[in-house]
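Participant: The structure under discussion is supplied below as structure tokens; questions concerning it will follow.
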Amino acid sequence: MNIIILGDKFQKRMKSKGCVALIENNKKTILDNQYNTLKSILPQANIVYVYGFEAKKFQNYIDKHYTDITIVHNEHYDSYNSTYSLNLANNFLSSDCIIMFGDTILNKNIFNKFDINSGSQIFLSYNKAYKLGCTITNQTLINIDYDLNNYLYNMYYIHQLDISKLRDIVKDNNNHNCFIFEIINKLIEHNTHIKPLFIDSKKRAVA
């Protein structure tokens, strides 16, 4: 399995904090959090990191701390959207993969229900109100859009059986200014069965 982390852009209103991978979270960088969590759950996975903003600082940190992360430089990080970033790592869309972002904070509990034998899946939350949500029918994602419940945690697992369709969509130049969720919608339009994977439990109704 490949894990592709898209960390090449600065986040809105966070440019002054610098490279997203090196922002501190509980006295460790976000990258440290991601690496340690992923390796504890999926030790054989290959981690691929797409970087761009403040590239030199990121490269120096990688050189000092990590020898087993594959890095891909996006020099056009401020010109295109996330699908272009993912396309730069196209060589790693050759087997099942997890796609996530540089600002995603992880913990082991997120993966409690994760099973690669369940096919393509999207990590969701009942309780954490993110901008994006999705419509679900019969345990299948129908559509991702803004202002919906079933909130996206911005992590996507694409099964080996679906990876070639994703690769073809990502390689299309017409899609390079798409967000990743728009690419997932295109996968759904191509009859890809994607299951919801909730990282938490529903809140109990207050009596």
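The values are calculated or read from the model by the stated rules, or taken from the named source; none is laboratory data. Owing to the predicted nature of the structure, the values given are computational and were not obtained by experimental measurement. Every residue, glycine as well, gets a Cβ built from its backbone with ideal geometry; the counts of neighbours run over all protein chains shown. These area figures cover heavy atoms from the full protein model, side chains too; ligands, DNA and RNA do not enter into them. Shrake-Rupley method; radii C 1.70, N 1.55, O 1.52, S 1.80 Å.
Participant: How much of the DSSP beta bridge set in the range 44-166 is antiparallel, as a percent to the nearest 5?
Facilitator: Close to 70 percent.
Participant: At 1.4 Å probe size, with the rest of the protein present, what percent of the exposed accessible area of the chain is carbon and sulfur atoms?
Facilitator: Using a 1.4 Å probe with all protein chains present, the chain comes out at 45 percent carbon and sulfur.
Participant: Can you compute the charge dipole magnitude of the range 1-72 about its Cα centre, using +1 on each Lys and Arg Cβ and -1 on each Asp and Glu Cβ, nothing else charged? Give it in debye, rounded to the nearest 20.
Facilitator: Roughly 360 debye, rounded to the nearest 20.
Participant: Still on this structure: Distance check, please: which entries in Lys113/Lys165; Lys39/Lys171; Lys113/Lys195; Lys165/Lys186; Lys113/Lys202; Lys128/Lys202 exceed 19 angstrom between their Cα atoms?
Facilitator: In this structure, Lys113/Lys165; Lys39/Lys171 exceed 19 Å between Cα atoms.
Participant: Also: Where a ≥ b ≥ c are the square roots of the eigenvalues of the C-alpha gyration tensor, would you call the range 29-104 rounded, which needs a/c under 1.5, or, failing that, prolate if a/b is larger than b/c, or oblate?
Facilitator: oblate
Participant: Then there's this: Which semi-axes, in whole Å and largest first, does the equivalent ellipsoid of the range 1-66 have when worked out from the alpha carbon gyration tensor as the square roots of 5 times its eigenvalues?
Facilitator: Listed largest to smallest, the semi-axes of the range 1-66 are 20, 13, 12 Å.
Participant: Shifting gears a bit: Could you pull out every one of the lysines with an alpha carbon less than 17 Å from that of Lys64, ignoring same-chain neighbours closer than 8 positions?
Facilitator: Within the straight-line cut-off, Lys64 pairs with Lys28, Lys56.
Participant: Would you mind checking the radius of gyration and Dmax of the chain based on alpha-carbon positions, in Å?
Facilitator: Just the Cα atoms of the chain yield Rg and Dmax of 16.6, 55 Å.
Participant: How large is Rg/Rh for the range 147-193, to two decimals, with Cα atoms and a Kirkwood Rh?
Facilitator: That ratio equals 0.97.
Participant: Just to be sure I understand the rule: take each whole DSSP H helix in the chain, project its Cα atoms onto its long axis, keep it if the span is 20 Å or more and its mean Kyte-Doolittle hydropathy is at least 1.6. Which ones pass?
Facilitator: Taking the DSSP H segments of the chain (at least 20 Å long, mean hydropathy at least 1.6), we get none.
Participant: Sticking with this one: What accessible area per residue comes out for the chain, rounded to a whole number of Å², with a 1.4 Å probe?
Facilitator: Solvent-accessible surface per residue comes out at 53 Å².
Participant: Sticking with this one: Given labels modelled 7 Å from the Cα in the Cβ direction, how far is it in nm from Asn191 to Ile41?
Facilitator: Here the modelled spin labels are 3.2 nm apart.
Participant: Expressed in nm to one decimal, what extension gain is obtained for the pair Gln59 and His73 from 0.36 nm per residue of sequence separation less their Cα-Cα distance?
Facilitator: Here the answer is 4.1 nm.
Participant: With +1 assigned to the C-beta of every Lys and Arg and -1 to the C-beta of every Asp and Glu, and no other charges, what is the dipole magnitude of the chain about the Cα centre in debye, to the nearest 20?
Facilitator: In total the dipole reaches around 720 debye.
Participant: Taking 8 Å as the Cα distance limit and 6 or more residues as the minimum spacing, I'd like the relative contact order of the range 68-207 as a percentage.
Facilitator: It rounds to 36 percent for the range 68-207.
Participant: Continuing with the same structure: I'm checking a number: the convex hull volume of the Cα atoms of the range 99-179, normalised per residue, in Å³. What is it?
Facilitator: So the per-residue Cα hull volume is 125 Å³.
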